[in-house]
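The values are calculated or read from the model by the stated rules, or taken from the named source; none is laboratory data. Please read all numbers here as calculations on a predicted model, not as lab measurements. Cβ atoms come from the backbone with ideal geometry, glycine included; neighbour counts cover every protein chain shown. The accessibility values were calculated without ligands, DNA or RNA, using every heavy atom of the protein model including side chains. Shrake-Rupley method; radii C 1.70, N 1.55, O 1.52, S 1.80 Å.
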Amino acid sequence: MDAEDDGRPQDRPLRRGWTTGACATAATKAAYTGLLTGDFPDPVEVTLPRGERAAFALAVSRREDGAATAGIVKDAGDDPDVTHGALVLATVRAGAPGSGITFRAGIGVGTVTRAGLPIPPGEPAINPVPRRMIAAAIAEVAAACRGGGDVVVEIGIEDGERLALKTLNGRLGIVGGLSILGTTGIVVPYSCAAWIHSIHRGIDVARAAGLTHIAGSTGSNSEAAIQKLYGLPEIALIDMGDFVGGMLKYLRRHPVPRVTIVGGVGKLAKLAQGLLDLHSKRGAVDLAALAALAKAAGGSDGLADHIVRSNTTAEAFGYAAAEGVALGDEVARAARETAQRVVEGCGVAIEIVLFDRDQYLVGQAPREPDHDASPPRNRRR
């Protein structure tokens, strides 16, 4: 997809935004100040993890029944973030003396139910860095306003439960809403940090559950096909999208014994030619290289010529199928070599499986001989 087609503003620098963690911190600071003094700072300033100061306008400020609530509308800048425009709320109440800070999930913020995430089961899905940011803001207000710092902080996101359906929270075992995220407080447009974060957390959850086989897929079609092929549980399915390199690099430090990489012919043809970011902007399929793989699989010079002149990878695979050449297996073999190099020596055995759009298996590179894959079903040459 060309840049002019992908929804990005074109004639100006992309505008950065704020994480849910930064918004929750600012809302908490305003609410605690309001609780102690009756006045809500607007705008409210907070310190981000790298030391920058950021100011946020309040959309909500109220006191009632021994509590104070402040709300901030999240601005994700030019990033297509699912939480852009969401109202992030913080309600602060006095806690028991010596209790410190108690975090609670308000409406639209999820609760962790599975091990393997940075926050233990039963806790609100407020990640460690936002918790530290909120704690620092509480301490700052307590020092300035002579508060004790013992508080109950409830973070909510208006409509968060519905918005969470557009995320991977359910698969990760976060129920009831969204997560409060962020490591820097800043959203970098189109950095895809949230997606990569979900990949990492998915691997963590699978490892904590004791799984020895996971599958990273490039899309929902290939994910459904690999789940049917192997009968994998949902928590074994990693929605890696284009970020096979991000998944593999994390697996290098957090290994799972058996990893299947599954996708369509176009994406995995790119992996076969050595690309670890499969997005169209990072490179196109090299049809000459694909033709060379077809010849290595026993294809004729005529087939190679057809492939080089193909308009799409699918068309090239059609020519190979007509000649009875197992191009998919050769692509899978080359893709496996690329992937295995990233995790070499880490105890991770890679398997590659290619499916077409009809979920027929068109190529497979087994893992090491002592880890042979189950016989493929619905194979199409």
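A few remarks follow.
- Summary of the geometry: segment 49-116 and segment 294-338, compared by the centres of their Cα atoms, lie 53 Å apart.
- The lysine pair count for segment 243-356, using Cα distances under 20 Å and pairs eight or more places apart or on different chains, is 5.
- Comparing Q273, H254, T212 along the charge dipole axis of segment 200-290, the residue lying farthest to the positive side is H254, per the Cβ-charge model.
- Heavy-atom accessible area ranking, 1.4 Å probe, most first, across S300, S220: S220, S300
- Rounded to the nearest 20 debye, dipole of segment 318-362 from Cβ charges on Lys, Arg, Asp, Glu: 140 debye
- Rounded to the nearest whole Hz, the Karplus-based 3J(HN,Hα) values (6.51 cos²θ - 1.76 cosθ + 1.60, θ = phi - 60°) of segment 141-152 follow the sequence 5, 4, 5, 6, 10, 6, x, x, x, 8, 9, 9, with x at glycine and proline.
- Degrees, to the nearest 10: 313-322 long Cα axis against longest axis of the chain: 30 degrees
- Largest-first ordering by accessible area, 1.4 Å probe, given options T69, T167: T167, T69
- Close amide H pairs (under 5 Å, H built 1.01 Å from N) link V73 with A59, V88, residues at least 5 positions away or on another chain.
- Modelled FRET efficiency - R0 22 Å, H84 with T47, Cβ distances, 0.05 increments: 0.40
- Using a probe of 1.4 Å on the protein chains alone, the accessible area found for K166 is around 140 Å².
- CD proxy at 222 nm, helix term only [per DSSP H run n ≥ 4: -39500 (n - 2.57); per residue of the chain; nearest 500]: -10500 deg cm²/dmol
- Dipole moment magnitude, nearest 20 debye, the chain about Cα centre, only Lys, Arg, Asp, Glu C-beta charged: 700 debye
- Using the Karplus relation 6.51 cos²θ - 1.76 cosθ + 1.60 with θ = phi - 60°, the per-residue 3J(HN,Hα) values for segment 183-188 come to 10, 10, x, 10, 9, 8 Hz, with x marking Gly and Pro.
- On the beta carbon distance between A139 and K249, with R0 = 35 Å, the FRET formula returns roughly 0.45.
- Radius 12 Å from Cβ of A224, net charge of other residues (Lys, Arg +1; Asp, Glu -1): -2
- Magnitude of the charge dipole, segment 219-310, Cβ model with Lys/Arg +1 and Asp/Glu -1, debye to 20: 260 debye
- In straight-distance terms, cross-link reach from K166 covers every one of the lysines whose alpha-carbon lies under 20 Å from its own, apart from those fewer than eight places away in the same chain; here that gives K74.
- Within the full protein context, the accessible area of K228 is estimated at about 140 Å² for a probe radius of 1.4 Å.
- Accessible surface ranking that places the most exposed of Y360, Y230 first, with a 1.4 angstrom probe: Y360, Y230
- Local electrostatic count, R104, Cβ distance below 15 Å [Lys/Arg +1, Asp/Glu -1]: -1
- Computed with a 1.4 Å probe on the full set of protein chains, the accessible area for I119 sits at about 10 Å².
- Candidates A31, T102, G77 compared by Cα position along the dipole of segment 1-149: farthest toward the positive end lies T102, with charges placed on Cβ.
- By accessible area, using a 1.4 Å probe on protein heavy atoms only, segment 11-138 has 51% of its surface on carbon and sulfur.
- Calculated from backbone phi, Karplus (6.51, -1.76, 1.60) coupling profile of segment 323-334 in Hz, x at Gly/Pro: 8, x, 9, 7, 4, x, 5, 5, 4, 4, 4, 5
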